[in-house]
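Written out below as structure tokens is the structure these notes cover.
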Amino acid sequence: MFKELDPILHSQLRLAVMSLLISVKEAEFVFLKEKTNSTAGNLSVQINKLKESGYIDVVKQFKDNYPQTICKVTPKGVDAFELYVKALQSYMNPSSNK
Amino acid sequence: MEQQHMTGQESLRLISEMIHKAKNSYHDSGLGPLLWGTVITICSLVTWSQIHFSFSLPFDIWLLTVIAIVPQMIIVQKEKKVRKVRRYDETMMDYVWTCFGISIALLVFININIISKLNPVFEKYIEVTGGRPEYTFSSFMTSFFLLLYGIPTIITGGSQKLKPMLWGGVLCWVCCVISVYTKAEADMLLTALSAVCAWLIPGIILRKKYLKSAPANV
């Protein structure tokens, strides 16, 4: 029986953002934009979806008079990411599901 | 990056690509190790010269280490300003080096107190025997410092997978053992050697890496 893939994570940009955030403690919006080669508008929408799902925390603050958005993966996000990877692996190696 | 349907393989490829990008997104500027490697080397070599050539400066050269805290703070603040990502191990490293700095300050404080208490004993010794003791407490002080130098250096070198720094830290401990058997003059050369190998050389390596990958250091 195949595990169902989390629809929140099974989207290219959201998965890219989660993969980046899982590797670091926290990252700025600009960092995520540069690494994912996405537009600010699209990234902003996807980040909001991840935030609404409780997978990431978003802190908006000011740094040297400039707005700064810091994203950080939550424990719920870590669990969801691990489950997603396990589900993917089960698709790749169906024998492991027996 | 557009929103599109992905196969399992594409998802896994994307995950590993992003993890790789995050991993290579930050390199130490190397300025901290360069600064401290230079300062400790200069202080040790000047102290060695003072003992070897029998002269003394009108001030304690080791005060340079106190002055060096200012550029160190500036480096930390500048790096914080340009940094757009924070790694998990950075907090731990901050604690390790802060503890090291405090330990060095405490060791200086302890040493000053021990020396002030032991000085009358040595004066009495000189008075009674008419000669100077071969070893004084100060000839063992370097061993304590080298012991401390090794700890954060080995932790940083090991956790950052920076072998020159790791081996530099090990060398600090080797020099620590040797310095137990050597006099203050040789101890200063051992300190200079340790500072060059533990901080100056790794600092140069880190700086070169940092400048080479400058666009990645967001």
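The values are calculated or read from the model by the stated rules, or taken from the named source; none is laboratory data. Note that the structure is predicted; figures quoted are calculated from it, not measured. Backbone-built Cβ (ideal geometry, glycine too); neighbour counts: all protein chains shown.
Exactly one residue among A:Glu26, A:Glu34 is within 25 Å of B:Lys81 (Cβ to Cβ), at the interface with chain B (Cβ under 10 Å from one of its Cβ atoms), touching a residue at least 40 places away in the same chain (Cβ under 8 Å) and not β-branched (Val, Ile, Thr), and that residue is A:Glu26. Limited to the range B:1-60, what total is found for residues that are in a helix (DSSP H, G or I) and either out of contact with any Lys or Arg (no Cβ under 8 Å at 6 or more places or on another chain) or loosely packed, with under 12 Cβ neighbours inside 10 Å (or both)? So the answer is 33. For the range B:40-75, taking the residues that are within 16 Å of B:Trp199 (Cα to Cα) and of a type in the set (A, V, I, L, M), the one that is nearest to the chain's Cα centre (by Cα) is identified as B:Ile40.
Residues considered: A:Ser44, A:Ser11. Of these, the only one that is surrounded by fewer than 24 Cβ atoms within 10 Å (Cβ to Cβ) and more than 8 Å from chain B (Cβ to nearest Cβ) is A:Ser44. The one condition from (1) surrounded by fewer than 20 Cβ atoms within 10 Å (Cβ to Cβ); (2) within 11 Å of chain B (Cβ to nearest Cβ); (3) out of contact with any Lys or Arg (no Cβ under 7 Å at 6 or more places or on another chain); (4) modelled with pLDDT under 90 that A:Thr39 does not meet is (4).
Taken over the range A:47-78, the criterion of being at the interface with chain B (Cβ under 9 Å from one of its Cβ atoms) and exposed (fewer than 12 other Cβ atoms within 10 Å of the Cβ) is satisfied by A:Lys63, A:Asp64.
Within the range B:109-132, residues that are farther than 24 Å from B:Asp60 by Cβ sit with their Cβ atoms under 6 Å from residues that are not in a helix (DSSP H, G or I), at 6+ positions apart or across chains, in these pairs: B:Tyr125/B:Pro133. For the list (1) within 8 Å of another protein chain (Cβ to nearest Cβ); (2) crowded, with 17+ Cβ neighbours inside 10 Å; (3) charged (D, E, K, R); (4) farther than 17 Å from B:Lys23 by Cα, I need the number of the one condition that A:Asp6 fails. Looking at each condition in turn, A:Asp6 falls short on (1). Scanning the range B:127-153 for residues that are under 23 Å from B:Ala186 (Cβ atoms) and of a type in the set (Val, Ile, Thr) yields a total of 4. The set of residues in the range A:47-98 that are assigned to a helix (DSSP H, G or I), under 13 Å from A:Val17 (Cβ atoms) and among the basic types (Lys, Arg) comprises A:Lys49, A:Lys51. Taken together, the criteria place A:Phe81 among residues that are within 13 Å of chain B (Cβ to nearest Cβ) and either without any contact (Cβ under 8 Å) to a residue 12 or more places away in the chain or within 16 Å of B:Ser11 (Cβ to Cβ) (or both).
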